Amino acid sequence: MKKVSNMLLIGIFMLIITVPYLFAHRDFEERVSDTENRMLAAYPRILDDTTKKFNSNYIKEFESWLSDNLRGRTILVEMNAGIQYQLFHRIVKNDTIEGKNHWLFINSEEMFQEYQHLNLLDEDSLELVVDNLQELSEYLKEKGVTLYYFQCLDKESIYPQEYIEGIHQIGECSRAEQLINELQRKTDIPVIFPQKELQEKAKKDLIYYQYVDLEHWNEKGAYIGYRALLDRIREDYEKAEVLELDDYNQLKIEKTTDIYGYTYPYSEICPVYEVKNPAAIEKTEEIMGIWDYLVYKEHTHYYENNQIDSDLKILVVGDSFIRMFLKDDIAEGFSETLSIDWMNLPLLDKIVQDFQPDIVVLESTESTLGTVIGYLDQMEFVK
């Protein structure tokens, strides 16, 4: 009888460890989880592809694959997200944290430090950044090109009253404000810093997303940044054209957001600004010479505009605040517009030589400023 019981236990144990394997996805290539917005672990190979020897990480990789690829896992992840929020008011998405009035923000130590002013630049580091930007400006001037520095602001800087309970700012000055103050004091680089305009508008209107985006301005806020940038450029280049509010169809659309497939129970009415008569045409596929050596090609966009009385060319080096919201609008004011990621800063000399712009805009947000500073320091051509 004891022997039968032991055999039964062994059989049950084998079923427990075998059934999940039978019903899991066995793909040697990684799959994307649309629910979690990440790559799922691929089925591990027993032999290492390079050495053809036993894969020493096989057991660990097998565990990761099994955890990621059980059939029905997506449903379980979505159910868990809903249960955690409904019962415990807990958001299970690692990159997301809930502020006051259900506003959503990026959950990262870097963002907390940025907001609290705990990552200020020391005197030597600040001087180095200012020197790098001044040297870049002088390098471009020699080629007949004007550099503009465009500083965008994080969501929590404009709506601090909606930020996370218990996280407070220390001191009056942020890292971005440090840099802006020094640039204005020590250099002649035109600086665009629409802090006051955004803060004033935010007192009576929503100009950043509450729920559907963790960090960005919405299209109403983006227009404020766009006007600040173009108005400053037009002080030097009158032929640069600018879009007025009447040039847009101003629409509204209700949006929601998902947390691992669970629909967050708060929606918002989002402004949509559509250019009524767009003249700029995207022709990114036609810049093959520059395209060959650019970094982060998926963030590259090139436009031609033959309907304006100008041959001005603009190169915009920036991040998602430009790429997602402003590149199309900027392109309406210039004959040619090239928008690239700031990871290309070390290649800027070659890009300027090939594209031959009249204007270069370097844009950064507060949270990406540290990374931009790092790429500025890699510009060997100005040293």
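The values are calculated or read from the model by the stated rules, or taken from the named source; none is laboratory data. Keep in mind that what you see is a predicted model, and the values were worked out from it rather than measured. Cβ placement follows ideal geometry from the backbone for every residue including glycine, while neighbour counts extend to all protein chains displayed.
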For region 228-256, give me each residue that is in contact (Cβ under 8 Å) with a residue 60 or more places away in the chain and in a loop (DSSP other than H, G, I, E, B). Tyr237, Lys239, Ala240, Glu241, Val242, Leu243
Using the structure shown, decide if Gln195 is over 18 Å from Phe105 (Cα atoms) and crowded, with 16+ Cβ neighbours inside 10 Å. yes
Extreme residue, farthest from Phe112 (Cα to Cα), among residues of region 143-166 that are more than 19 Å from the chain's Cα centre (by Cα) and assigned to a strand (DSSP E or B): Thr146
Do we find that Gly225 is part of a helix (DSSP H, G or I), loosely packed, with under 14 Cβ neighbours inside 10 Å and in contact (Cβ under 8 Å) with a residue 24 or more places away in the chain in this structure? no
Condition set assigned to a strand (DSSP E or B) and in contact with a helix residue (DSSP H, G or I) (Cβ under 6 Å, 6 or more places away or on another chain), scope region 276-303, selection surrounded by the fewest Cβ atoms within 10 Å (Cβ to Cβ): answer is His301
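Among Ile314, Ile340, Ile308, which is the only one that is farther than 25 Å from Asn132 by Cα, of a type in the set (A, V, I, L, M) and not in a helix (DSSP H, G or I)?
Ile308
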Positions within region 346-371 being in a helix (DSSP H, G or I) and surrounded by fewer than 23 Cβ atoms within 10 Å (Cβ to Cβ), in sequence order: Pro346, Leu347, Asp349, Lys350, Ile351, Val352, Gln353, Asp354, Phe355, Leu369, Gly370, Thr371
Specify which of the listed residues (Asn132, Asn101, Asn107) is in contact (Cβ under 8 Å) with a residue 12 or more places away in the chain, among the polar types (S, T, N, Q), surrounded by 18 or more Cβ atoms within 10 Å (Cβ to Cβ) and more than 23 Å from Asp231 (Cα to Cα). Asn132
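Is one or more of the residues making up region 171-178 among the hydrophobic types (A, V, I, L, M, F, W, C), within 22 Å of Lys255 (Cβ to Cβ) and either assigned to a loop (DSSP other than H, G, I, E, B) or touching a strand residue (DSSP E or B) at 6+ places or on another chain (Cβ under 7 Å) (or both)?
Going residue by residue through region 171-178, those that are among the hydrophobic types (A, V, I, L, M, F, W, C) are 173, 176.
So of that shortlist, the ones also within 22 Å of Lys255 (Cβ to Cβ) come out as none.
No - not one qualifying residue is present in region 171-178.
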Confirm whether Lys155 is surrounded by 15 or more Cβ atoms within 10 Å (Cβ to Cβ) and of a type in the set (D, E, K, R). yes
Of the conditions (1) buried (at least 16 other Cβ atoms within 10 Å of the Cβ); (2) polar (S, T, N, Q); (3) at pLDDT 95 or above, the single one that Asn306 does not satisfy is (1)
Counting only residues that are at pLDDT 95 or above and more than 19 Å from Glu142 (Cβ to Cβ), how many does region 347-368 have? 4
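Before we move on, is Lys327 within 21 Å of Asp246 (Cα to Cα), in the same structural domain as Ile359 (by TED's automatic domain parsing) and touching a residue at least 24 places away in the same chain (Cβ under 8 Å)?
Values: within 21 Å of Asp246 (Cα to Cα): yes; in the same structural domain as Ile359 (by TED's automatic domain parsing): yes; touching a residue at least 24 places away in the same chain (Cβ under 8 Å): yes.
So Lys327 passes the test.
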Does Val145 satisfy being aliphatic (A, V, I, L, M) and modelled with pLDDT under 95? no
Any residue in region 167-183 that is of a type in the set (Asp, Glu) and farther than 23 Å from Asp377 by Cα? yes
